[in-house]
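What follows is a single structure, written as structure tokens, with notes after it.
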2 protein chains.
Amino acid sequence: WPKVKANLKKGDALYFSHGFSIVYKEQTGVVPPDYVDVILVAPKGSGASVRTNFLAGSGINSSFAVFQDATGRAEQRTMALGIAIGSGYLFPTTFEKEVHSDLTGERGVLMGALAGVMEAQYNLLRKHGHSPSEAFNETVEELTQSLIRLVDKNGMDWMYANCSTTAQRGALDWRHQFRKAVEPVFDWLYESVISGEQTRIVIEANSAKDYRQKLEKELKEMRESEMWRAGAAVRSLRPENWKKK
Amino acid sequence: WPKVKANLKKGDALYFSHGFSIVYKEQTGVVPPDYVDVILVAPKGSGASVRTNFLAGSGINSSFAVFQDATGRAEQRTMALGIAIGSGYLFPTTFEKEVHSDLTGERGVLMGALAGVMEAQYNLLRKHGHSPSEAFNETVEELTQSLIRLVDKNGMDWMYANCSTTAQRGALDWRHQFRKAVEPVFDWLYESVISGEQTRIVIEANSAKDYRQKLEKELKEMRESEMWRAGAAVRSLRPENWKKK
């Protein structure tokens, strides 16, 4: 940041794709001078998908915000950037709301809860003697190859309507139990995001010289767990992957 | 079942796509005569996806099992059916294991837990003043349009590796909290499946003359909730849907 700051000229725009640096300024030390625009366009997806979906003629939605308008053109510049990176559509937010929802979402449904809930079900099925193939198909493959695509296309109720009435009855009932079970974790998580505890942990961990090796080691453990080795085997058996062997 | 049973001839094959009727025979009354094959091929996906994926040259994986081999050709017939319906690959199971994992999976990750965990996060974000657009994008759209596709392609660790190190650190930590929170619900669910309580509830509900209208009413409530109305609005703004308006 000191290097960037030293090179900022009057009328420049400081563009962020995340509210982190500005909102948690006590932890990051990022306080921009008053003669630059400070703007945000935050794509709601992985960088890989921003590119893939752009090429497919679709796009990834982004939120946008203006933190500081020094030139009177800050909002125009924000919009231009949002369109240039191929956003599907743009919706307004603030730097605070962006970073709070983003840190919560990735620790929650999008990554953390997704992995945790899948692990719980896979472990349960294995504990009761189901094969790795059955446990993985019933937990991950059926979701990613079938059901989530229906949710994506027309919403949750439409996916439900495309399943058996046995499945509908059970899922309509049990979703309440799962929602109640995770509500306290979500409250705790949001509180920990707001208080700055989550960003403190990240800054501390990612300040270690070998933090990338440490993360890679944790991802390797996940990849080499029985569940995700089963996943690799299942994927290799997809007809479209036969020729790759 | 009485009508089907009356028409079964020696050497016929009775083919199931679910272990339900045979395993819970005390509740269903389905006890096949000893002169027919009783076989199972259970596609792990919605009927809509079995067709869509078949046309795309992929397929949906299926489990298979032989409950009764009257002709000596039961396994051959099972395999032939599995291939005929376009299974990606076939893995062995038993009628019991199939129905236990299937009833658990649809009430769990695939449908019930998916909806419940999404509702919890959406409600949390709305409670803290995030807009419907931000709450839906951070909970559903980013998952279905970006992250789950990466999991589908190369596994959970690969999806993580394609996200920021901030997201990785947080998700690696928080998945344990979410897993622990839902483990008791999964234990309760599996017990309720094994004991026959879940099938009893389904048979009772689906024996009502108007059970389809009742289910449709519940799905309508879901569709018309703020969360899924936000979803419909978000989907209509996808570039590929602009021309449809």
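The values are calculated or read from the model by the stated rules, or taken from the named source; none is laboratory data. These numbers come from a predicted model, not from an experiment. All Cβ positions, glycine included, derive from the backbone under ideal geometry; neighbour counts span all protein chains shown. What goes into the accessible areas is simple: the full protein's heavy atoms, side chains included, and nothing from ligands, DNA or RNA. Shrake-Rupley method; radii C 1.70, N 1.55, O 1.52, S 1.80 Å.
List of remarks:
- Annotation: of all residues in the stretch B:15-40 being among the aliphatic types (A, V, I, L, M) and open to solvent by 20 Å² or more (accessible area, probe 1.4 Å), the one that is farthest from the other protein chains (Cβ to nearest Cβ) is B:31.
- Of the criteria (1) part of a helix (DSSP H, G or I); (2) within 10 Å of the chain's Cα centre (by Cα), which one residue B:109 fails: (1)
- Wholly enclosed helices (runs of 4 or more DSSP H) of the stretch A:134-245 bearing at least 1 residues without any contact (Cβ under 8 Å) to a residue 12 or more places away in the chain and among the aromatic types (Phe, Trp, Tyr): A:156-161, A:165-194, A:211-223, A:226-236, A:239-242
- Test result for residue A:120, open to solvent by 10 Å² or more (accessible area, probe 1.4 Å) and either free of Cβ contacts under 8 Å to residues at least 40 places away in the same chain or at positive phi (or both): no
Yes or no, residue by residue, for (1) facing another protein chain (nearest Cβ under 7 Å); (2) in contact with a Leu (Cβ under 8 Å, 6 or more places away or on another chain):
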site: A:145; (1), (2): yes, no
site: A:160; (1), (2): yes, yes
site: A:168; (1), (2): yes, yes
site: A:194; (1), (2): no, no
site: A:200; (1), (2): no, no
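- Filtering the stretch B:91-101 to residues that are open to solvent by 20 Å² or more (accessible area, probe 1.4 Å), facing chain A (nearest Cβ under 7 Å) and touching a strand residue (DSSP E or B) at 6+ places or on another chain (Cβ under 7 Å) leaves only B:93.
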